[in-house]
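Student: Structure in structure tokens, see below.
The values are calculated or read from the model by the stated rules, or taken from the named source; none is laboratory data. As the structure is a computational prediction, the values presented were derived from the model and not from experiment. Counting neighbours? That spans all protein chains shown, and the Cβs are built from the backbone with ideal geometry, glycine included. Areas reflect the complete protein model, heavy atoms only, side chains present, ligands, DNA and RNA absent. Shrake-Rupley method; radii C 1.70, N 1.55, O 1.52, S 1.80 Å.
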Amino acid sequence: DAVEVYNYPVSVGLYGGSAAIGVALASNTISNVVDAHIVAATIDGAAGGVTVLADENASITSSAQAAAMSASISLGVSLAGGGAGTVSNVLTTTRAYVANSTLYLGAGDLAITAESDATVNSGVAATSASFGLIGIAASGSNVTANLSPVVDAYIDNSKVTADDITVNTPSGTISRAN
């Protein structure tokens, strides 16, 4: 998402004034749900093992640029103001799980993994210039990035028989050998 705003007023005369305001705002939100699961199933034999993988890779790239220039060739005031801002929200949910199931994998392994690799890249630029007998210029910018992914991996109300059981989340790995 890219936003650009430019404003260039000029006044000419004995008395006069000019004013310019340039504002650019960009707002982006991603709220995906990635869900990988085995639910209410019976698996009897999977020699190569079973993998349940949920992988979320949300990415936002945004920019906002604003420019304001004002000139007054007279007895007067010249005012210019520029502002730019971006707001980026990543509100994703990523789940990998086995629920209400019976898995007999024999010598095979069970791996349950939930991952989220969310990124936000934002840039802003704000410029203002004012020319005249009395010239006033001001600029401001703001970038806000909210990354709040929910990542969960689990086994619930299930019976699993496997050579190795691994549950992976960003906060760590839980491994249990039967």
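Student: Name, by its number, the condition in (1) part of a strand (DSSP E or B); (2) out of contact with any Phe, Trp or Tyr (no Cβ under 7 Å at 6 or more places or on another chain); (3) open to solvent by less than 70 Å² (accessible area, probe 1.4 Å) that does not hold for THR127.
Tutor: Failing condition for THR127: (3).
Student: Could I ask something else about it? Out of curiosity, is SER122 out of contact with any Lys or Arg (no Cβ under 9 Å at 6 or more places or on another chain), more than 30 Å from VAL33 (Cβ to Cβ) and outside any loop (DSSP other than H, G, I, E, B)?
Tutor: Taking the combined requirement at face value, the residue does not satisfy it.
Student: In addition: Just for the range 130-146: of the residues that are open to solvent by 80 Å² or more (accessible area, probe 1.4 Å) and either within 22 Å of the chain's Cα centre (by Cα) or aromatic (Phe, Trp, Tyr) (or both), which one is farthest from TYR15 (Cα to Cα)?
Tutor: ASN142
Student: While we're looking at this one, here's another question. Within the bounds of the range 77-84, is there any residue that is modelled with pLDDT under 90, on the phi > 0 side of the Ramachandran plot and touching a Gly at 6+ places or on another chain (Cβ under 7 Å)?
Tutor: No: the range 77-84 contains no residue that is modelled with pLDDT under 90, on the phi > 0 side of the Ramachandran plot and touching a Gly at 6+ places or on another chain (Cβ under 7 Å).
Student: Has the range 95-107 got any residue that is closer than 30 Å to ASN157 by Cα, modelled with pLDDT under 90 and not aliphatic (A, V, I, L, M)?
Tutor: Yes; the residues of the range 95-107 include at least one that is closer than 30 Å to ASN157 by Cα, modelled with pLDDT under 90 and not aliphatic (A, V, I, L, M).
Student: Do you know which of the residues in the range 77-105 that are open to solvent by 10 Å² or more (accessible area, probe 1.4 Å) and in a loop (DSSP other than H, G, I, E, B) is farthest from GLY22 (Cα to Cα)?
Tutor: Among residues in the range 77-105 that are open to solvent by 10 Å² or more (accessible area, probe 1.4 Å) and in a loop (DSSP other than H, G, I, E, B), the one farthest from GLY22 (Cα to Cα) is ASN100.
Student: Let me ask something else about it. Condition first: closer than 30 Å to ASN146 by Cα, among the small types (Gly, Ala, Ser) and open to solvent by 30 Å² or more (accessible area, probe 1.4 Å). Now tell me which residues in the range 26-62 satisfy that.
Tutor: Passing the criteria: SER27, SER31, SER59.
Student: Among the residues of the range 106-117, what is the count of those that are open to solvent by 20 Å² or more (accessible area, probe 1.4 Å) and not in a strand (DSSP E or B)?
Tutor: Looking only at that region, the number is 4.
Student: Are any of the residues in the range 40-50 at pLDDT 90 or above, outside any strand (DSSP E or B) and under 23 Å from the mean Cα position of the chain (by Cα)?
Tutor: No.
Student: Ok, one more. Just to be sure before I move on: is ASP156 under 20 Å from the mean Cα position of the chain (by Cα) and closer than 27 Å to VAL34 by Cα in the structure I sent?
Tutor: Against the criterion (under 20 Å from the mean Cα position of the chain (by Cα) and closer than 27 Å to VAL34 by Cα), ASP156 does not qualify.
Student: Next question, about the same structure. Listed residues ALA41, ALA58; which is small (Gly, Ala, Ser) and over 26 Å from VAL160 (Cα atoms)?
Tutor: That would be ALA58, the only listed residue that is small (Gly, Ala, Ser) and over 26 Å from VAL160 (Cα atoms).
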